[in-house]
Amino acid sequence: MPDTFQLEIVTPEKLVVKDVAGEMQIPGKNGYLGILPGHAPLITEVAVGEISYRNNGYTHHLAVAWGFAEVLPDNVTILAETAERPEDIDVQRAEKAKERAEQLLKSGNTETDYARANSALQRAQTRLQVATEKGK
Amino acid sequence: MANVLDIRRRIRSVINTRQITKAMKMVSAAKLRRAQERALAARPYAQMLTSVLKSLVSRAEIYDPQTGEPRHPLLAQRQENNILLIVVTGDKGLAGAFNTNILKAGTRFLDSKTGKNVDIEAIGRKGRDFLRRRFPLVPKDVEQRTAEDLQHPEAAQPHERSRSRERAGAVQIVGEHVGVLSKLEFSQASDLAESVIKRYSEGEIDSVYLVHNEFKSVIAQRLVVEQILPIEQIGAAAVRQAEELSQKEREQAIKAAQSAGVGMRRTDRSVDAEAARFGSAPVDYIYEQPPSELFNALLPKYVGIQIFHALLESVAAEHAARMTAMEAATNNATDMIDSLTLAMNRVRQAKITKEIIEIVSGAAAQ
């Protein structure tokens, strides 16, 4: 059995990652999934969260927001609405977005779209989290 | 006859104009190249999404096995009374007939749907200005979004729409998006798709069409009216009206592209073929969520990517049109300089001749 698999992460704007990985974690809609080479074929929705994969002893992190993953024994492909590497994340913007979302949620305004604000908050938090993992 | 100085001044002004149009052509060519790359970069995602949806159609029994009726509302055809038309034009002019042609096609579409209510979403300043003049009655709560709002998409609350709102007329503008094309992001297209889908599923509109300039390459472009909703068939565009480039336009486009060094090849198909395998390998997948649930989550994304694609292609087409127009303008300026130079030389020669005659006849009279 091979000890690596091909990994591709694609967004509507570009191909973000095309790499080889030895193991990875995907934020599935029903919880995080750990993927090793030779995984059974699987299709899942990807929630807001952090993707990490190991390659030659080096761990890479990406922040993703909504996506879709196909896992095959030697190949993992992820379609993500956004996927950002730590160095691409605009920390200030994420912080502002977080504040705004928190305010919206706290305001108790009945017109607030809670689901929307909540997911905005989650996205911002994930981005901030991933940004701190730069270069680890 | 004009004097030499006037003509010389005129020539200088035309030379300046030519310099500007030439620079504009090169800028458009560079922008076109970038736009083409972006459109290309968006292809794998679109292809993968399409292929996984196709494979889910059979697994999730989206179509009722007995009646063949689709079970998802975005696929179901219904009586068409209220239509939404998305018109994609450019924000700027000086692009030849680019904007005019799109608006003409849009008007023709509207004519073919007389008697029905049509809502219009205008993307691009040129289209908005035209449609505003033509359909001045605008309902009060028109969603006006500027680039500023779009910088904070997370915070923007979707506008609440009251369905009982009175119509301003059979044709009305319901949304305007100006200044989004220069910094196009997927989130903008997906926000629009979300709001369109919401209106569609609430029954406010029965079908959605998109007028835009399709752009595969400089020589393969056409003006299309495409049906976005209900989705007729996944992976195939439901084109309702299409207009190819005329032979003359094509020749001009080729010339402009050659002189500006823009490639005319169609995009590489092998990328598409690889992407098309996504999610449809001949194995039994474990579905983390039931296939029908996955399908429901993916279908709106499909609408979003279709709109995104249309916008990307439209941007590329706009730059191509501007490049061609500027190439023509540069050539015209060159012709004009030539004929003006000729006229100037004639005038100068005539003046010299006249002076000689005067001297000679003056000498002869003595």
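Once you sort the root eigenvalues of the Cα gyration tensor of region B:28-118 as a ≥ b ≥ c, which label holds: rounded (a/c under 1.5), prolate (a/b larger than b/c) or oblate (the other case)? Oblate, because a/c is 1.5 or more while a/b does not exceed b/c.
Between A:Ala115 and B:Leu5, the distance separating the two model label sites (each 7 Å from Cα on the Cα→Cβ line) works out to 7.6 nm. If you run the Gaussian network model on chain B, springs between alpha carbon atoms under 10 Å, then out of B:Gln349, B:Gln47, B:Gln252 the most flexible one is B:Gln349.
For chain B, modelled as a GNM whose springs connect Cα atoms under 10 angstrom apart, the maximal fluctuation among B:Leu32, B:Leu340, B:Leu181 occurs at B:Leu340. Close amide H partners of A:Leu33, meaning residues 5 or more places away or on another chain with modelled amide H under 5 Å apart, are A:Ile26, A:Gly28. Classify the protein assembly as shown as rounded, prolate or oblate from the Cα gyration tensor: take a ≥ b ≥ c as the square roots of its eigenvalues, call it rounded if a/c is under 1.5, otherwise prolate when a/b beats b/c and oblate if not. It comes out prolate by the Cα gyration axes. Listed by chain and number, the lysines placed with their C-alpha closer than 27 angstrom to that of B:Lys116 are B:Lys104, B:Lys126, B:Lys140, B:Lys198; residues fewer than eight positions away on the same chain are left out. Cβ-Cβ distance of B:Asp64 and B:Gln233, R₀ of 22 Å, FRET efficiency by 1/(1 + (r/R0)^6): the value works out to about 0.85.
Using R₀ = 51 Å, calculate the FRET efficiency as 1/(1 + (r/R₀)^6) where r is the Cβ-Cβ separation of B:Thr353 and B:Ser112; round to 0.05. With R0 = 51 Å, the Cβ-Cβ based efficiency is 0.20. Here the spin labels are modelled as points 7 Å beyond Cα on the Cα-Cβ line, and at B:Arg240 and A:Glu102 they lie 4.8 nm apart. The angle between the Cα long axis of helix B:186-201 and the main principal axis of chain B comes to about 50°, on a 0 to 90 degree scale.
Taking amide H as placed 1.01 Å from N in the peptide plane, B:Ile173 has its amide H under 5 Å from the amide H of B:Ile120, each at least 5 places away in sequence or on another chain.
Using C-alpha pairs below 8 Å separated by at least 6 residues, the relative contact order for region A:5-85 is 33 percent.
Is region B:273-314 rounded, prolate or oblate when judged by the Cα gyration tensor, a ≥ b ≥ c being the square roots of its eigenvalues, rounded requiring a/c under 1.5 and prolate requiring a/b larger than b/c? The shape class here is oblate. Taking all Cα pairs closer than 8 Å and separated by 6 or more residues, the relative contact order of region A:87-133 comes to 53 percent. Derived scalar couplings between HN and Hα for region A:67-75 equal x, 7, 10, 10, 10, 10, x, 10, 7 Hz in order, rounded to whole Hz, by the Karplus curve 6.51 cos²θ - 1.76 cosθ + 1.60 (θ = phi - 60°), x for Gly and Pro. The angle between the Cα long axis of helix B:247-260 and the main principal axis of chain B comes to about 80°, on a 0 to 90 degree scale. Basic side chains Lys and Arg get +1 at the Cβ, acidic Asp and Glu get -1 at the Cβ, and with that the dipole of the protein assembly as shown about its Cα centre reaches some 2640 debye.
Subtracting the Cα-Cα distance of B:Lys248 and B:Leu342 from their residue separation scaled by 0.36 nm leaves 30.9 nm. Partners of A:Lys14 within straight-line reach, counting lysines whose Cα lies under 20 Å from its Cα and excluding those fewer than 8 residues away in the same chain: B:Lys31, B:Lys183, B:Lys216, B:Lys301.
Computed from Cα positions, the angle between helix B:125-134 and the longest principal axis of chain B comes to roughly 90 degrees. Contact order for chain B, expressed relative to its length and based on alpha carbon pairs under 8 Å spaced 6+ residues apart, stands at 32 percent. Straight-line cross-link reach from A:Lys18 at under 13 Å between alpha-carbon atoms covers these aspartates and glutamates, not counting any fewer than eight positions away in the same chain: A:Glu8.
Bear in mind that the values in this text are calculations on the coordinates, not laboratory data. Computed from a prediction, not measured in an experiment: that's the story for all the values here. Methodologically, a virtual Cβ is constructed for each residue, glycine included, from the backbone with ideal geometry; neighbour enumeration extends over all protein chains shown.
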